[in-house]
Amino acid sequence: MRKTYIFLLLLFMSSLVVAQQTISGGPLKPEQALMDIRHYTVSLDVSPESSSFNGFTEIDLILSSSSPVLLFDLDQVFTVSRITVNGRKEAFSHADGLIRINSGSTFAAGKQKVRIEYGGKPPIAARPPWDGGIQWAKDSLGRPWIAMSCQVDGGDIFFPCKDHPGDEANEGADLIITVPKGLVAAGPGLLVKSTTKGKKSTYHWKTNYSIANYSILFNVGHYQVEKRPYKTVSGNTVSMEFYVLDYNRGRAKYHLDILERSARMLEKYFGEFPFAKEKLAICETPHLGMEHQTLNAYGNKFNYVKVGDVDFDWLMHHEFGHEWWANKVSNNDWGHMWIQEGICSFGDALFYEDFGGRAAYINRMKANAIAAQNKFPIVRGDEVDSRMAYHPDIYGKGAFFMHTLRWVMGDEVFFPAIKAFITDPKYTYENTVMTDDLLKHFNAASGQDLKPLFNLFLYTTDKLGIEVRQTGPKTYSVRLSNINMPLPVEIQTSSGRKRIMLSKKETLLPSDSAPVIDPDTYYLKKLSLE
Ligand SMILES: [Zn+2]
């Protein structure tokens, strides 16, 4: 009896732990589908002593039609004390992580300004940056070092918001962060001003670029700023900055050299650094890293690897690559998160090609092919929450898909096409994208229908079937078994390597020895040999 009771209690407690794992996105709530978020102001007094926040969030939004209710997400750990809409006090409830504002009146279509006063202890990060939250960490001198991460959990673990990736704050965000004097709060965009009154300092950060909830964050520490002007590929000058802990300042200059090399390489393939009117910055954090717009979190502890004969920081390069693929081009739903992670990871591999040579790139892609799990399709649906969407294949297999696409389209078509996509206003900044947008774009660029290729590798866990059959002493027949489009396949026969168009129809090849199919691995494939 007692044992059963303890077992049930443990079961209940474990369900509580799971319940605390918050998610972002998923099917859009009907009340929130009416809202277009324009701007967030997050103003918080941050107390490391009591591990708490206290302040308000102001949300500017446009309602597409009148509504009896305004609905926002905010983690239940916070207490909401007062809400006004357009300056008028409103009644509300806060239950199950949702703030429901409904005084009985109807909110008219058009602009609404909502102010929510709240406070409490934000959730502690269990495994940052993946299971996010706040870290009330200490630097190696025992002083407060505070970092936030919430990509998977969503912005609602820190501030009231519409917690869905499909609706970025079009006009950006203001962060007004008050911390104990001596600490520096670093945030997105530009520093409007910093003031010190008594024992507290306030930092006002402002970004005018559209921004995702999970980038509306700040880090706090004993930071110093190492900076230099960076001239972009388009000739604009932006400040390149490193918010580095004071005792690591000596490493910052060389670290910026490494960042600058990554920036030049990424601009070559993907166009100008997307936030050139504000800053190109990284910030030292106690967690590994995250793509916080204009303030990339960096926690790789200056661990470099050699690529060719240059030092490379894989973590910094990857997170910084997200300024293009995540922050400039953002997925409309977490179901299409591979666009952010897969293409960004492809950008990591391009660094290997540029500085390590073609073989280094091919070896990286071969490793990606071996690591592909194929447990779930890369795209599991159009309305998928962040936890369901997040699996390893959106990275490595997603990058490998770009490698396949590059091979199929050819470099001279593929690279201009990808640059045209990421520099097209209809796919960037406040406009979010789905896999179909990429498909349509690459179809138009290549003049062929790539849908069967997208379907096979992104919407199924299947691989490309290639059948090889010996038909005579020195002849072989080769065909594709499971795709309705012709594809170029590299084949090595006794007379050398050739790029040959294969289809479901048999192609006959003369060869003294058995042909080697796709030796450099441009496809995830299943070979059958007869
Ligand atoms: Zn990433």
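Bear in mind that the values in this text are calculations on the coordinates, not laboratory data. Quick caveat: nothing in here was measured; it's all calculated off a predicted structure. Every residue, glycine among them, receives a Cβ derived from its backbone with ideal geometry; neighbour counts consider all protein chains shown.
Cβ separations smaller than 6 Å between residues 6+ apart or across chains give the following pairs from region 300-324 residues that are more than 27 Å from THR423 (Cβ to Cβ) and in contact (Cβ under 8 Å) with a residue 12 or more places away in the chain to residues that are within 16 Å of the ligand (Cβ to nearest atom) and part of a loop (DSSP other than H, G, I, E, B): ASN300/ASP313; TYR304/ASP313. Against the numbered list (1) more than 16 Å from the ligand (Cβ to nearest atom); (2) touching a Phe, Trp or Tyr at 6+ places or on another chain (Cβ under 6 Å), ASP313 comes up short only at (1).
Taking region 451-530 and the strands (runs of 3 or more DSSP E) fully enclosed by it, the elements with 1 or more residues that are touching a Leu at 6+ places or on another chain (Cβ under 8 Å) and within 30 Å of ALA360 (Cα to Cα) are at 464-472, 475-480, 487-493, 496-502, 525-529.
Among the strands (runs of 3 or more DSSP E) confined to region 139-241, the ones with at least 2 residues that are without any contact (Cβ under 8 Å) to a residue 24 or more places away in the chain and over 23 Å from VAL329 (Cβ atoms) are located at 190-197, 223-231. Among the conditions (1) surrounded by fewer than 24 Cβ atoms within 10 Å (Cβ to Cβ); (2) over 11 Å from the mean Cα position of the chain (by Cα); (3) within 16 Å of the ligand (Cβ to nearest atom), LYS328 misses just one, which is (2). Filtered by the rule that a residue be within 27 Å of PRO48 (Cα to Cα) and in a loop (DSSP other than H, G, I, E, B), region 75-124 gives ASP75, GLN76, VAL77, ASP96, GLY97, LYS121, PRO122, PRO123. Here GLU272, GLU267, GLU291, GLU284 are screened, and the one residue that is within 24 Å of MET402 (Cβ to Cβ), surrounded by 24 or more Cβ atoms within 10 Å (Cβ to Cβ) and among the acidic types (Asp, Glu) is GLU291. Looking across region 287-296, the residues that are in contact (Cβ under 8 Å) with a residue 40 or more places away in the chain and within 11 Å of the ligand (Cβ to nearest atom) come down to LEU288, GLY289, MET290, GLU291. Looking only at residues in region 380-396 that are assigned to a helix (DSSP H, G or I) and away from the ligand (no atom under 14 Å from the Cβ), the one that is surrounded by the fewest Cβ atoms within 10 Å (Cβ to Cβ) is MET388.
Here is a yes/no grid of residues against (1) touching a Pro at 6+ places or on another chain (Cβ under 8 Å); (2) among the aliphatic types (A, V, I, L, M); (3) away from the ligand (no atom under 16 Å from the Cβ):
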{"residue": "GLN340", "(1), (2), (3)": "no, no, no"}
{"residue": "ASP354", "(1), (2), (3)": "no, no, yes"}
{"residue": "ALA359", "(1), (2), (3)": "no, yes, yes"}
{"residue": "ASN374", "(1), (2), (3)": "no, no, yes"}
{"residue": "ILE378", "(1), (2), (3)": "no, yes, no"}
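Scoring ALA367 on the criteria (1) within 14 Å of the ligand (Cβ to nearest atom); (2) small (Gly, Ala, Ser); (3) assigned to a helix (DSSP H, G or I) leaves a single failure, condition (1).
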